[in-house]
Amino acid sequence: MHPNPAFRQADTARNIAFARAQGFGLLAVATGGAPLISHIPFLLSEDGTRAEFHLVRSNPIARLMSDPLPARLAVQGPHSYVSPDWYGVEDQVPTWNYVAVHLVGQVRLQPQERMRDLLDRQSAEFEARLAPKPEWRAEKMTPDVLERMMRQIVPCEMQVDEIAGTWKLGQNKPEDVRLRAADPLAAAGQGQEVEVLAGLMREPPA
């Protein structure tokens, strides 16, 4: 996370809401070599203390979870390159604006009999966002096919001990300079959800 306090002013509730809305992140654990990383969808409790997800049984991270394992779940939001020319003032340098929230805690395997409940809740969460599309449900699958597929994945949980967010939106610049950069970023930004990022840049600093 960026160390500048100007980018770390979002409160815990906003960071939790952001992570819950994204629902997808990078799970990282340390090993004797390079860290292991998995890209996972997840469910985060309303109070931000528990993240639930599943992994393929053969995932190297799952194989390390015989005991609770320290981990970090990094949730990336909108981001973009920012050209110094967009500020309209001299002596600026290129940068990258972004939003990210990290969840830190212990991950552990859950009993396999919880897999169906987790699958149902995960699919219900993300299917609801597609309304008015009729909701997909596991009951649509042939029972033995569903059972065979569920045996290939394992339910997991992170007990979240720390939540930290970086909302790097140009808060270290004068307001008029920050706002001046928002329009060209929205039009020509390089990254992801650049119009969303520009909208956040136009908001009063959190």
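Over region 1-122, the hull volume per residue, using the convex hull of the C-alpha atoms, is 142 Å³.
Any chance you could give the angle, 0 to 90 degrees and rounded to 10, that helix 175-188 forms with the longest Cα principal axis of the chain? The two axes meet at around 60 degrees.
The Kirkwood hydrodynamic radius of region 159-206, based on inverse pair distances between different Cα atoms, is 11.7 Å.
Solvent-free Debye calculation, one equal scatterer per alpha-carbon of the chain: log10 I(q)/I(0) at 0.10 Å⁻¹ equals -0.53.
With N set to the residue count of region 43-101, report its C-alpha Rg divided by 2.2 N^0.38 Å to two decimal places.
Working it through for region 43-101, the quotient is 1.86.
Over region 6-59, the pair-distance histogram of Cα-Cα distances with 10 Å bins from zero comes to 20, 42, 30, 8, 0 percent, rounded to whole numbers. Separation of region 166-206 and region 1-80, taken as the distance between their Cα centroids, equals 25 angstrom. Here region 69-177 is treated as an ellipsoid with the same Cα gyration tensor; its semi-axes, largest first and in whole Å, are 42, 20, 11. In summary, the aspartates and glutamates within cross-link reach of LYS140, defined as a Cα separation below 19 angstrom excluding same-chain residues under 8 places away, comprise ASP117, ASP120, GLU125, GLU127.
Can you list the GluC sites (Glu not before Pro) in region 149-206 that are in a DSSP coil and have 16 or fewer other beta carbons within 10 angstrom?
Loop-located and lightly packed - GLU193.
Laboratory data are not the source of any read-out in this text; all were calculated from the coordinates shown. Because the structure is predicted, anything quoted here is derived from the model rather than measured. Don't worry about glycine lacking a Cβ; one is built from the backbone with ideal geometry, like all the others, and counts go over all protein chains shown.
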